[in-house]
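Have a look at the structure below before the remarks.
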Amino acid sequence: MIKHVVMWEFKDQAAGNSKEENIELAAEKLRSLKDLVEQIKFLEVGKNINQSEAAYELVLITEFESPADLDQYQIHPEHEKVKTFIGEVAAKIVLVDYEK
């Protein structure tokens, strides 16, 4: 099993929206991937509630059966659409992929 974890910080304003609006839009778009990408075995999206300076604003946790399934997810057209939107509105991204 492969676990894929991504966290983002967002720009104050982008794509005509406030930071809060873009966080919500990104979360909705990410959640929709569960029904659109068959390789996803588990998907969870969470908005930060921690006030620490070190905290990121949104997290995505997904699981895949294999590295090949993760690779297929990465190039899936629906994922590409979400990635393009988040790329426009996010200020910073970190990620980790690991074998569970």
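Summary table below
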quantity: Identity of the residue in the stretch 1-46, of a type in the set (Lys, Arg) and within 11 Å of the chain's Cα centre (by Cα), that ends up nearest to residue 82 (Cα to Cα); calculated: 29
quantity: Qualifying residue in the stretch 70-78 (condition: within 24 Å of residue 2 (Cβ to Cβ), within 12 Å of the chain's Cα centre (by Cα) and aliphatic (A, V, I, L, M)); calculated: no
quantity: Count - residues of the stretch 10-29 that are in a helix (DSSP H, G or I), in contact with a helix residue (DSSP H, G or I) (Cβ under 6 Å, 6 or more places away or on another chain) and loosely packed, with under 15 Cβ neighbours inside 10 Å; calculated: 0
quantity: Residue 55 vs. criteria surrounded by 15 or more Cβ atoms within 10 Å (Cβ to Cβ) and of a type in the set (Gly, Ala, Ser); calculated: no
quantity: Residue match in the stretch 35-43 (condition: out of contact with any helix residue (DSSP H, G or I) (no Cβ under 9 Å at 6 or more places or on another chain), among the basic types (Lys, Arg), at pLDDT 95 or above and closer than 25 Å to residue 99 by Cα); calculated: no
quantity: Hey, residue 32 without any contact (Cβ under 8 Å) to a residue 60 or more places away in the chain, part of a helix (DSSP H, G or I) and more than 14 Å from residue 5 (Cα to Cα) or not; calculated: yes
quantity: One residue from 61, 86 being surrounded by 14 or more Cβ atoms within 10 Å (Cβ to Cβ), touching a Leu at 6+ places or on another chain (Cβ under 9 Å), of a type in the set (Val, Ile, Thr) and not in a helix (DSSP H, G or I); calculated: 61
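The values are calculated or read from the model by the stated rules, or taken from the named source; none is laboratory data. Because the structure is predicted, anything quoted here is derived from the model rather than measured. Every residue, glycine among them, receives a Cβ derived from its backbone with ideal geometry; neighbour counts consider all protein chains shown.
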